Every structure is written in C-alpha cells, then in structure tokens.
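Here, each number is a calculation from the coordinates, and none is a lab measurement. This one's a predicted model, so the numbers in the text were calculated from it and none came from an experiment. Virtual Cβ from ideal backbone geometry, glycine too; neighbours counted across all protein chains shown.
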Amino acid sequence: MRILIVGGGCAGMAAALALQQSLAARLRTGEAEITVVEPQPYLTYQPLLAEVAAGSIDPRHVVVPLRRVLPQCRVLTARITRIDHAGRRALVDTAPRGTAPAVTELRYDHLVLTPGAVSRTDPVPGLAEHGLGFSTVGEAVALRNHVLEQLDLASSTRDPELRQAALTFVFVGAGYAGVSALAELEDMARYAVRGYHNLTADDLRWLLVEATDRILPQEPADLAAHTLAELRERSIDVRLSTRLESAADRVMALSDGSRFAARTLVWTAGVRPAPLLRDTDLPLDATGRVRCLPTLQVRGPGGAPLAGAWAAGDCAAVPDPASEDALCAPNAQHALAQARLLADNLAADLERRTPAPYRPERVHCSTSLGLRRGVAHTRRGRVTGRRAWWLHRARHLRRLPSLDRRVRVFTDWLLGGIFSREVVSLGSIEHPRAEFESGFPEHG
C-alpha cells in the first residue's frame with residue numbers, strides 16, 4: 001500500500017506524523033509506504049515569521065527538517081508537475097529550479113493533497129518590481145534587512161525627498177501576517193532609531209492598507225477593533241476600504257486619492273490555492289480549492305467519495321459545520337486539526353471503518369503586536385497587553401511540531417529578555433558572491 005502526501009507544510013507534516021503512528025506496524029513490515037513530496041526539505045512555521053523579521057527568533061528555529069521528524073517516511077525534495085488520479089500516478093520533477101527538468105513517475109494507492117496556498121497578488125503596476133512578500137523565512141529575513149537598510153539610508157542622505165521615502169513603510173493586507181509583521185517591525189524600528197543621532201521614532205511613517213472595512217477578519221469584531229485602536233494609538237496610519245492602485249517608480253497611489261513616495265512595500269493581501277491543483281484531474285471549486293466532503297475525502301461525481309483521494313489544509317474546500325454554506329478558512333489551526341483527522345480517517349478506511357466528519361473546536365485567536373504587546377481571545381473573553389503576548393507565545397510554542405524547535409525558540413525568547421535587541425542589517429548575505437564577481441571584469 002503506497003500513500004503519497006503532496007506538500008510538507010502544516011497539514012502535510014501533521015498528516016505524515018499521525019500516519020507514522022497509526023500505521024507503525026505496517027511500515028515496519030513493509031506492508032505500507034509513505035512518500036512525502038515537498039519542494040523544500042523543511043516545514044516553515046509561519047505564525048512566528050513576524051518575530052523572525054523583528055529579530056526575536058533565529059530564522060533556523062522556525063523551520064522543522066522533514067527527514068528528522070519523519071524517519072519512517074520517504075521524503076523527496078521535489079515538485080509535483082502533474083497528478084493523474086484516475087491512473088493513480090504523479091509526475092515528479094527532482095531537478096533544482098532553473099535547470100533542465102528531470103521528471104519521473106510515482107505510483108500510489110492513496111493520495112493526500114496538502115500543497116497549501118501561495119500569496120495572492122493583484123495586477124498592480126510596480127508591485128512586481130518593488131513589492132516584498134512575507135510567507136517564507138527568506139522573505140522575513142530580507143524584510144528585516146531592508147527596513148534596517150532604509151534607516152541607514154535616511155540617516156546618511158542629504159536629499160529630503162529620499163529621506164522621507166526611505167522612512168515610509170507600506171503594508172498591504174490586514175490579516176494575521178500583515179498586522180503582526182507591521183507591528184513587530186514598527187516596534188523593532190522604534191528601538192533601532194535610538195542608535196542614530198539624526199533620526200527619531202516620530203520620523204517613521206507606517207501605513208496599513210486594507211481593502212475591506214475591518215482588520216483581522218478571522219478574529220472577533222471586538223478584538224479586531226481593539227487591535228485597530230492600539231495600532232492607531234502608535235501613530236500607525238490604517239486605511240480601511242482602501243486599495244493600492246499603483247506602486248510604479250516607488251510612488252504609492254491609493255484609491256482614496258493620496259500619492260506619496262515609499263521605498264518599502266510589503267504585500268500580505270491574502271492567499272490563493274497552490275497552482276499545482278490546476279494540473280490534476282480532481283474536482284475544484286470556483287476558488288481553485290479541491291472539493292471535499294466533511295470526512296476530508298475528495299468529493300467525487302454525485303457527491304460520493306472519490307476512492308483513494310484525500311485533502312486538507314489551505315488547498316481543501318472543507319464544509320464548515322458551523323455554517324451551512326461556508327467553508328473552513330485557510331489557516332494553520334484548521335490545517336493542523338484537519339490533518340490529524342485525515343490520518344485517522346485514512347487508517348479507518350483501510351480497516352473498513354466509517355470515517356468521521358470534521359467538527360473543529362472553537363479556534364481562539366491571538367496576535368503579537370511587538371515586544372510585550374498583543375491581543376488574544378479566550379473562552380472567558382478578550383485579553384490584551386502583556387498577558388495576551390505571553391498567551392500568544394505559549395500557544396505557538398505548544399503548536400510547534402518539534403520538541404527541538406520548541407526548546408530553541410524558548411531559548412531565543414529567554415535570551416531576548418536578558419539582553420538588548422540585535423538591530424544589525426545583514427543584507428550582504430543575500431548576495432554572497434557580489435564582491436567576488438565584482439573583482440572579475442567582464443571579458444569580451
């Protein structure tokens with residue numbers, strides 16, 4: 001029996017971990033084989049990326065090596081290019097990006113789709129040239145370096161227009177990623193300007209642009225309102241019901257008519273299902289997600305389960321039991337809960353038992369807003385300030401899928417409480433061969 005897991009993110013790793021345990025006997029005897037295909041050899045725990053950008057956590061400590069935590073699985077660092085479920089086969093490209101494809105065929109009996117989602121971008125002029133993403137460790141580190149480099153530039157230039165543009169930071173999208181990234185970086189930059197003789201915190205201009213009429217749509221309205229009030233109290237300019245219409249030549253043009261120069265544009269305006277799903281023969285909904293039954297089986301013709309096909313996480317359109325028409329939101333909490341149930345249901349299906357429907361527990365949200373500041377929702381109501389910040393950290397420390405990483409992240413936090421912040425830009429690591437190449441003039 002061959003199980004193919006497509007994707008090694010939150011849902012993919014959680015499903016593989018649970019299947020390792022439930023199918024341990026079959027794996028030892030060779031009766032079962034689990035293969036995980038993921039372009040990166042690690043999981044990135046995205047809820048802590050904001051603290052990576054702020055320098056509170058070492059970037060290596062929010063990534064979990066797949067081979068270390070999945071010793072009984074076969075892990076392939078590769079990309080799926082096509083899935084033919086009718087023929088129970090997948091085409092896998094094992095070549096590094098930028099090189100000639102090396103496609104092989106992988107056969108399976110059960111398919112677990114967990115490729116997640118990718119950043120959703122709009123055709124905004126200038127966005128491709130000047131925008132920064134915030135969904136990977138590399139992007140979080142690059143954003144931190146970029147912000148600190150803008151402080152250096154503003155401090156050293158004599159051009160007032162360039163100085164103002166360098167000290168203007170625009171974030172588009174007020175979901176979890178956008179709010180936490182802006183709040184953490186604003187807090188870090190406010191601390192960093194203490195080291196400049198000609199910069200103050202009042203010189204910094206931070207803008208959060210959101211197309212809808214509220215921030216944090218997945219949090220309760222009262223918690224979102226409190227978060228909005230705190231951001232504005234910190235002189236962060238939050239523009240609701242506003243869109244970015246252009247970023248050409250680093251000039252931000254908003255739908256409310258305002259125009260200004262800014263050298264930092266961070267795009268966190270939502271996600272869309274992984275493009276891989278279009279290269280399958282599985283049924284997709286209008287948004288591009290795989291149609292699923294409450295049991296996390298792929299929904300086949302006539303509403304019957306599609307044999308051997310399962311999906312969970314951001315790529316899966318799973319009915320939300322709390323509403324007749326709604327689907328579960330694409331977030332880490334649903335991904336982890338769905339993945340664990342998927343593994344149980346797949347094992348039940350192998351044993352000819354009836355799979356259980358997905359009935360999630362109520363999700364209690366929390367967001368970090370900088371050092372010792374946060375907002376959180378609990379069974380008893382809203383919590384803010386330092387208590388919410390501690391609760392937020394405790395929740396995510398518990399959810400990290402590796403004891404090794406929990407200890408390392410906790411140690412980072414402990415050392416951060418003892419020593420002062422590190423506010424040094426290491427932008428040169430993004431181009432390690434720059435000086436080497438500059439020493440060799442072009443020939444010809």
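Loop-located trypsin sites (Lys or Arg not before Pro) in the range 151-220 (DSSP state not H, G, I, E or B) with no more than 10 neighbouring Cβ atoms inside 10 Å: R158. For trypsin sites (Lys or Arg not before Pro), the sites in the range 345-380 that DSSP calls loop and that have at most 15 other Cβ atoms within 10 Å are R352, R353, R362, R372, R379, R380.
Taking θ as phi - 60° and the Karplus parameters 6.51, -1.76 and 1.60, the scalar couplings of the range 170-175 work out to 10, 10, 10, x, 10, x Hz in sequence order, x denoting glycine and proline. With the cut-off at under 16 Å, measuring from each backbone N in the range 209-233 to a point 7 Å along the Cα-to-Cβ line of S241 picks out 209-215.
For the range 297-363, the spread of Cα coordinates along the three principal axes comes to 31, 25, 19 Å, biggest extent given first. If you wrap the chain in the convex hull of its Cα atoms and look at it from every side, the mean projected area works out to 25.1 nm².
Simple spin-label estimate for L403 and T81 gives 4.2 nm between the two label positions (7 Å along the Cα-to-Cβ direction from each Cα).
The value obtained for the range 242-304, namely the Cα convex hull volume divided by the number of residues, is 137 Å³ per residue. Just to confirm a number: summing +1 for Lys and Arg and -1 for Asp and Glu over residues other than Q46 whose beta-carbon lies under 13 angstrom from that of Q46, what do you get? It works out to a net charge of -2. Let's test the formula: R0 of 60 Å, r as the Cβ-Cβ distance of T157 and R2. What FRET efficiency results, to the nearest 0.05? Computed FRET efficiency for T157 and R2 comes out at 0.50. Is the C-alpha gyration tensor of the range 259-396 telling us rounded, prolate or oblate? Criteria: a/c under 1.5 is rounded; beyond that, a/b larger than b/c is prolate, otherwise oblate. Oblate, since a/c reaches 1.5 and b/c is not below a/b. The translational diffusion coefficient of the range 1-140, from Stokes-Einstein at 4 °C and 1.567 mPa s with a Kirkwood hydrodynamic radius over alpha carbon pairs, comes to 77 µm²/s. The orientation-averaged shadow of the Cα convex hull for the range 175-254, equal to a quarter of the hull surface, comes to 6.1 nm².
Assuming R0 = 41 Å, what is the FRET efficiency of D109 and N198, from their Cβ-Cβ distance, to the nearest 0.05? The computed FRET efficiency comes out at 0.05.
Can you tell me the FRET efficiency between A128 and S258 if r is taken as the Cβ-Cβ distance and R0 is 25 Å, rounded to the nearest 0.05? After rounding to 0.05, the efficiency reads 0.70. Among beta bridges from DSSP that stay inside the range 175-326, the antiparallel ones total about 65%.
A crude spin-label estimate for the pair R362 and R214, with each label 7 Å from Cα along the Cβ direction, gives 1.6 nm. Its Cα centre serving as origin, the chain has a Cβ charge dipole (Lys and Arg +1, Asp and Glu -1) of approximately 1500 debye.
Just want the answer: with Cβ charges of +1 for Lys and Arg and -1 for Asp and Glu, which residue in P319, T136, G178 is farthest toward the dipole's positive end in the chain? Ranked along the dipole, the leading option is P319. To the nearest 10 degrees, how steep is helix 137-156 against the longest Cα principal axis of the chain, on a 0 to 90 scale? With rounding to tens, the tilt is 0 degrees.
Counting Lys and Arg as +1 and Asp and Glu as -1 over every other residue whose Cβ lies under 14 Å from the Cβ of E129, the net charge comes to +1. The angle between the Cα long axis of helix 10-22 and the longest principal axis of the Cα atoms of the chain comes to about 40 degrees, rounded to the nearest 10. Estimated at 0.36 nm per residue, the fully extended path between A100 and F419 surpasses their Cα-Cα distance by 110.0 nm.
Size descriptors for the range 52-113, from the alpha-carbon set: Rg then Dmax equal 16.0, 48 Å.
Report summary: the helix-based calculation at 222 nm, which adds -39500 (n - 2.57) for every DSSP H run with n ≥ 4 and divides by the residues of the chain, gives -10000 deg cm²/dmol. Once Rg and the Kirkwood radius are both taken over the C-alpha atoms of the range 74-217, their ratio Rg/Rh works out to 1.13. In the range 136-241, what chymotrypsin sites (Phe, Trp or Tyr not before Pro) fall in a loop by DSSP, with at most 16 other Cβ atoms inside 10 Å? Sparse-neighbourhood loop chymotrypsin sites (Phe, Trp or Tyr not before Pro): Y196. Relative to the Cα centre, the charge distribution of the range 138-223, modelled as +1 at Lys and Arg Cβ and -1 at Asp and Glu Cβ, gives a dipole magnitude of about 260 debye.
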